[in-house]
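Colleague: I'd like to ask some things about the structure below.
The values are calculated or read from the model by the stated rules, or taken from the named source; none is laboratory data. Keep in mind the model is a prediction, meaning the values are calculated, not measured. Cβ placement follows ideal geometry from the backbone for every residue including glycine, while neighbour counts extend to all protein chains displayed. Areas reflect the complete protein model, heavy atoms only, side chains present, ligands, DNA and RNA absent. Shrake-Rupley method; radii C 1.70, N 1.55, O 1.52, S 1.80 Å.
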Amino acid sequence: MSKPFCLKRKIIPPAGLLAPGVFLMAALMAMIACDIRPNHATPWEQYMKAGEKALQEDSLQKARDAFQLALMEAEKPDRPPVLLAGPLTGLGRIEALKGNYMHAQSAFLKALTLYEREGNHEAEAARLLDLLGDLHRADGQYEKAIPLYKRAIRLKETRLGKNSMERMESLHRLACLYIDLARDEEAIPLLKEALRISERKNGLTSLHTLPVIRTLADVHRRRGNFSEAEPLLQRSIQAQEKNISEHYETLSGDLRHLGQLMVHQGRLAAAEPVFQQAMSIDEKYIGGENLPMAQDLKLLGDLYIRQGREHRALPLLERSLAIREDLLGKGHPDVAEITLLLARLHHVRQDHDAARPYYFRTLSIMDSTMGTGHPDFEHVVQSLAELHREQGAYDDAILLYMRLLAFQENQKIPDPIRLGAAHSGLGKVYAVQELDAQAERHYKQALMIYGDPSEEDEHPMTAEILEDLANIYERTSRIDEASRFRLRAREIRLKSFN
């Protein structure tokens, strides 16, 4: 599916990765300086200048008219052919902004051919290569974009120098493309090189350096390299805090990412003021009923659930749900994200009657938008099975656990954690009904998945299952086995504690 281009002139990109449309706009604006000469302007130059001005004002029809006039001037017999490249580029940019990628590509290729035929236009040719790469990336044709970005990097290095900001921009483009392809190992050195160039040219705290910082921080954060990500996010935040009114959108995004990073590290107390700061900025600058605010409320509510402060989480999540339902519709996947949190909140509070409808609503949305084969769908089914088990609705719980087993057993590579959890859940359901033979069979299946209790296995679930089996053995007068399993469970828990 193609990705939309940005149509606004002043774009504040989201924290983390820049969208291909933002890259395209940056390249389009970089072309302006190449085609405008302020003194003693010819008709061609006047038309080009008018087209650029109209583009900056989002007046696409005016821009098209101006570039068409420039094209007519360039087509006159006494004009050098290379003059055609400027208006062709301008017309291609308009088609790109309208989403007509094939027409844009045709115009860019014609302009590129003219620059390459003329010679001595490496900088302009490199920018066109960037634009062509952006088109392919926006259209999901990633492998076609890679050689174009690489050619642009080589041309810019030859013509403008290894430390030019233009080369830095192309390095950033290629890195983000590799990230799209989950090739982070190739992206990271490109981002570090781009950051080095930008720091050398603009300084450590320059706003021009922030897009690269955010991208590199996001890669490290997603890969779990929190010690690498946090100082980068802190740098970005500190630079933007000097002028919040200009950077509130990206600043609040960086704060959310920093808070999430702290949550992943278990630093819940440190994350709370970070999320609160993001919420305060959003409420001040964009109001209280919007998607960024809904995300702030969701993150802070989730944090409170983790801290056991469900009473503080509930109103935040209910407000977040209302905003998302109003702006996105009741069947949107992002709505399911909140209904699931509300289900878990009520589940933790042992309010099963309140939790159940939220679980069912979450499953309904996921079924219609993601399909029943999605891993998150399976996770919700498992939570609902546990709720039924806790309520004593054993038949319903068994059906759901059996559904989880069937799903995993039909996978080419089953998830051992989910498979083991389903067997363990069934063991608990049968054990509480004193159906000991069935319970023992499923517990042993779970142990085979989590590890042999006679070995040095220390999976967190192993000790719990050993104790559940020990309970069955005690009830059925198998005291020696019960003692052996209970002792092994204690050893595992003690080692984990130490």
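Colleague: How far is it, in nm, from the label point at K192 to the one at R309 when both lie 7 Å from their Cα along the line to the Cβ?
Modeller: Each label point is offset 7 Å from its Cα along the Cβ direction, giving 3.9 nm.
Colleague: To continue, here is another question. Residues of region 50-182: accessible area per residue at 1.4 Å, in Å²?
Modeller: I get 43 Å² per residue for region 50-182.
Colleague: Taking a ≥ b ≥ c as the square roots of the eigenvalues of the Cα gyration tensor of region 282-344, is the shape rounded (a/c under 1.5), prolate (a/b larger than b/c) or oblate?
Modeller: Oblate shape, in that a/c is at least 1.5 and b/c is the bigger or equal ratio.
Colleague: Could I ask something else about it? Treating the angle as unsigned and between 0 and 90°, give the value, to the nearest 10°, between the Cα long axis of helix 122-138 and the longest Cα principal axis of the chain.
Modeller: On a 0 to 90 degree scale, this one is about 40.
Colleague: Going by a ≥ b ≥ c, the root eigenvalues of the Cα gyration tensor, does region 86-169 fall in the rounded group (a/c under 1.5), the prolate group (a/b larger than b/c) or the oblate group?
Modeller: oblate
Colleague: Counting only protein heavy atoms, what percent of the accessible surface of the chain is carbon or sulfur at a 1.4 Å probe?
Modeller: 51 percent
Colleague: Per residue, how many Å² of accessible area does region 354-480 show with a 1.4 Å probe?
Modeller: Dividing the accessible area of region 354-480 by its residue count gives 49 Å².
Colleague: Answer rounded, prolate or oblate for region 247-365, using the Cα gyration tensor with square roots of eigenvalues a ≥ b ≥ c: rounded when a/c is under 1.5, else prolate when a/b is larger than b/c, else oblate.
Modeller: Because a/c hits 1.5 or more and a/b fails to exceed b/c, region 247-365 counts as oblate.
Colleague: Say the cut-off is 32 Å between C-alpha atoms; which of K201/K242; K49/K284; K330/K428; K144/K242; K62/K201 go over it?
Modeller: K49/K284; K330/K428; K144/K242; K62/K201
Colleague: Through the Karplus equation 6.51 cos²θ - 1.76 cosθ + 1.60, θ set to phi - 60°, convert the phi angles of region 435-444 into ³J(HN,Hα) values in whole Hz; use x for Gly and Pro.
Modeller: Values, residue by residue: 8, 5, 5, 5, 4, 4, 4, 6, 4, 5 Hz.
Colleague: Could I ask something else about it? At 1.4 Å probe radius, can you tell me the per residue accessible area of region 269-345 in Å²?
Modeller: 41 Å²
Colleague: Moving to a separate point now. Pop a pseudo-label 7 angstrom from the Cα along the beta-carbon direction at both Q68 and R475 and give the gap in nm to one decimal.
Modeller: 8.3 nm
Colleague: Once Lys and Arg get +1 and Asp and Glu get -1 on their Cβ, which of L128, T339, A354 lies farthest toward the positive end of the dipole of the chain?
Modeller: Farthest towards the positive pole: L128.
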